[in-house]
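The structure appears right after this line, and notes come after that.
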Amino acid sequence: MRSASLGLAGALLMAASPGGHQDRPPARVVHVVAERFSFTPSEITIDEGSRVELRITSEDTTHGFRLIGPGDIDVEIPRRRRGEARVVIEIGQPGEYIFECSKLCGAGHGFMRGTLRVRAKAAAP
Ligand SMILES: [Cu+2]
């Protein structure tokens, strides 16, 4: 498995890491299923600055998961029953980010995308 970590502008940190070698455990794990030609869920909401692990599996062929923007994350999702891709994300910048399939997987490949929403922390009362 590959391991990579990228730091961006201090506020932003993203890492793709194999399980079991993380400095601290993610606050939350989100399971994502890739299947021609969609991700389920296709909308994921996380909190600003929280550490979230995406575990992505395929229901058919090999797909990819690329997060456009922060960190330039791009991982391959092995085909059905061949394992999963794990990506740990921690984004300090609220906003909406697009993720998409980065492996040509058929006629609907270009439509295979979703939205990652990073919710700003509520101000303390
Ligand atoms: Cu694709």
| Index of the failed condition, GLY95 passing every other in (1) at pLDDT 95 or above; (2) more than 15 Å from ILE44 (Cα to Cα); (3) not aliphatic (A, V, I, L, M) | (2)
| field | Matching residues in the range 71-99 - criterion: being farther than 16 Å from HIS31 by Cα and either within 16 Å of the ligand (Cβ to nearest atom) or free of Cβ contacts under 8 Å to residues at least 12 places away in the same chain (or both) | value | ILE73, ASP74, ILE98
| Hey, does the range 41-54 have a residue that's within 14 Å of the ligand (Cβ to nearest atom) and outside any loop (DSSP other than H, G, I, E, B)? | no
| query | Which number in (1) within 10 Å of the ligand (Cβ to nearest atom); (2) in contact with a Lys or Arg (Cβ under 6 Å, 6 or more places away or on another chain); (3) more than 10 Å from ALA34 (Cβ to Cβ) marks the one condition that THR61 misses? | reply | (3)
| query | Among (1) away from the ligand (no atom under 11 Å from the Cβ); (2) surrounded by 17 or more Cβ atoms within 10 Å (Cβ to Cβ); (3) among the basic types (Lys, Arg), where does ARG119 come up short? | reply | (2)
| query | Taking the range 42-64 as the region of interest, how many residues are within 16 Å of CYS101 (Cβ to Cβ) and either among the aliphatic types (A, V, I, L, M) or free of Cβ contacts under 8 Å to residues at least 24 places away in the same chain (or both)? | reply | 3
| query | Among (1) farther than 16 Å from VAL118 by Cβ; (2) modelled with pLDDT of 90 or more; (3) aliphatic (A, V, I, L, M), which single condition is VAL52 missing? | reply | (1)
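The values are calculated or read from the model by the stated rules, or taken from the named source; none is laboratory data. Because the structure is a prediction, the values reported are computed rather than measured. Positions of Cβ are backbone-derived with ideal geometry, glycine not excepted, and every protein chain shown enters the neighbour counts.
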